Amino acid sequence: MWAACHSEARLHRLPVTVRVVYLTRTRSWPGFRQAYERGNQTDSSPVTSGMKKIGFLSFGHWAAAPGSQARTAADSLLQSVDLAVAAEELGADGAYFRVHHFASQLASPFPLLAAIGAKTDRIEIGTGVIDMRYENPLYMAEDAGAADLLSEGKLQLGISRGSPEQVIEGYKYFGYVPQEGQTDADMARDHTAVFLQVIEGKGFAQPNPTPMFPNPPGLLRIEPHSPGLRDRIWWGAGTRATAEWTAAQGMNLMSSTLLTEEAGIPFHELQAEQIRRFRKAWDEAGHQREPRVSVSRSIFALTTDMDRAYFGGRGDDQDQVGHLEGGLARFGRSYAAEPDKLIEELRTDSAIEEADTLLLTLPSQLGVDYNAHVMETILTEVAPALGWR
């Protein structure tokens with residue numbers, strides 16, 4: 001999250017002569033999709049060995065700033081759909097979107113995910129993450145079921161307690177207040193428990209004896225119901241203990257872009273330990289399926305002058321330790337280098353090695369074409385050399 005925000009902010013610090021350049025591309029996207037489909041798996045099960053599912057994570061920032069390709073909310077939404085289509089054509093595996101309320105960023109994921117699902121054939125669509133403090137779990141279950149059916153079962157829904165927001169206790173404006181003795185994190189987990197229960201598809205609501213339309217026998221469930229969605233829910237965990245709780249709940253792990261604990265070791269090592277604890281807790285819980293684990297990284301292969309102008313010499317190639325909500329937090333580094341050097345640096349990232357899914361954080365204000373270029377260089381020049389493809 002930290003790195004992605006800095007990627008967006010850096011756009012405004014560049015000279016105008018660089019910012020106004022718009023990278024145009026002439027590409028036969030279908031050719032890339034056909035090549036991918038011939039040589040890569042397309043199911044949603046965990047990958048094996050060093051292979052990775054590689055997707056992107058976008059915050060959907062928009063701003064009417066010089067050089068910004070996403071100047072309005074409409075720009076951000078429409079370009080998000082276009083970027084997902086381009087990512088699929090390039091052979092990427094997932095299109096994920098951050099959810100932030102009260103901000104010039106994407107906030108209502110389900111219309112966007114449904115639109116992407118209707119325009120793509122293979123790519124996973126997801127969130128990273130939905131703040132459950134703000135959600136009506138039954139209404140959310142209806143939206144999630146509909147989006148999953150429209151995408152033919154490609155939804156990978158990341159949820160969590162959420163992060164610090166733009167306004168103080170913003171969830172109260174949505175009508176949600178923690179009960180006496182509860183924290184907002186407790187409330188988020190309560191909402192999650194209800195959501196997970198109702199998407200399983202079991203009836204729980206007493207039918208009206210004189211309904212407008214005939215009812216099936218027994219208690220009624222939330223509709224539309226999408227079978228299998230329960231296995232495709234992820235929890236965004238920022239600590240090792242939360243990762244263990246995630247495993248106990250039978251959710252996949254979306255390891256956070258920051259960890260809200262400080263152990264005096266590099267971010268990737270702490271994150272790798274978090275993932276190992278998650279897998280151990282998963283086995284101990286006796287779940288009958290294999291879980292999935294994702295990590296997010298800002299990774300830029302410097303192959304053009306524009307790459308170097310945007311991301312060369314960023315100065316954020318080391319972990320950062322800061323304060324978040326009164327406690328210490330460790331933010332992971334970004335990667336930006338020539339492909340050969342980038343490959344060697346990524347070999348040492350133990351958390352990427354532990355995960356089966358890698359999400360590339362992309363700066364949405366740089367536009368669809370440039371971000372497609374970023375993904376292409378990773379997919380074609382970096383991933384194969386690391387055994388991810």
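The values are calculated or read from the model by the stated rules, or taken from the named source; none is laboratory data. This is a predicted model, so every value here is computed, not measured. Here the Cβ is made from the backbone with ideal geometry for all residues, glycine too, and neighbour counts use every protein chain on show.
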- Does the stretch 76-85 contain at least one residue that is free of Cβ contacts under 8 Å to residues at least 40 places away in the same chain, within 25 Å of Gly162 (Cβ to Cβ), out of contact with any helix residue (DSSP H, G or I) (no Cβ under 7 Å at 6 or more places or on another chain) and not basic (Lys, Arg)? no
- Message: I need a count of the residues in the stretch 111-136 that are part of a helix (DSSP H, G or I) and either in contact with a strand residue (DSSP E or B) (Cβ under 8 Å, 6 or more places away or on another chain) or surrounded by fewer than 19 Cβ atoms within 10 Å (Cβ to Cβ) (or both).
- Response: 8
- Write out, first by first residue and then by second, each pair whose Cβ atoms fall under 7 Å of each other, whose residues are 6+ apart or on separate chains, and whose first residue, in the stretch 357-370, is more than 25 Å from Asn252 (Cβ to Cβ) while the second is among the hydroxyl-bearing types (Ser, Thr, Tyr) and not in a helix (DSSP H, G or I). Gln365/Ser68; Gly367/Tyr22; Asp369/Thr24
- Message: When the residues of the stretch 181-238 are narrowed to those that are without any contact (Cβ under 8 Å) to a residue 40 or more places away in the chain and of a type in the set (Lys, Arg), which ends up farthest from Glu269 (Cα to Cα)?
- Response: Arg221
- Out of Ala84, Ala92, sole residue that is at pLDDT 95 or above, part of a loop (DSSP other than H, G, I, E, B), within 19 Å of the chain's Cα centre (by Cα) and closer than 21 Å to Val295 by Cα: Ala92
- Message: Among the residues of the stretch 47-61, are any in contact with a Gly (Cβ under 9 Å, 6 or more places away or on another chain) and at positive phi?
- Response: yes
- Message: Looking at the stretch 209-244 only, could you name the residues that are in contact with a strand residue (DSSP E or B) (Cβ under 9 Å, 6 or more places away or on another chain) and under 20 Å from Glu142 (Cα atoms)?
- Response: Leu219, Leu220, Arg221, Ile222, Ser226, Leu229, Asp231, Arg232, Ile233, Trp234, Trp235
- Note on the structure: Counting only residues in the stretch 318-340 that are within 23 Å of Ala385 (Cα to Cα) and touching a helix residue (DSSP H, G or I) at 6+ places or on another chain (Cβ under 8 Å), the one modelled with the lowest pLDDT is identified as Gly332
- Query: Could you say which residue among Gly201, Gly181, Gly162 is in a loop (DSSP other than H, G, I, E, B) and surrounded by 21 or more Cβ atoms within 10 Å (Cβ to Cβ)?
  - Reply: Gly162
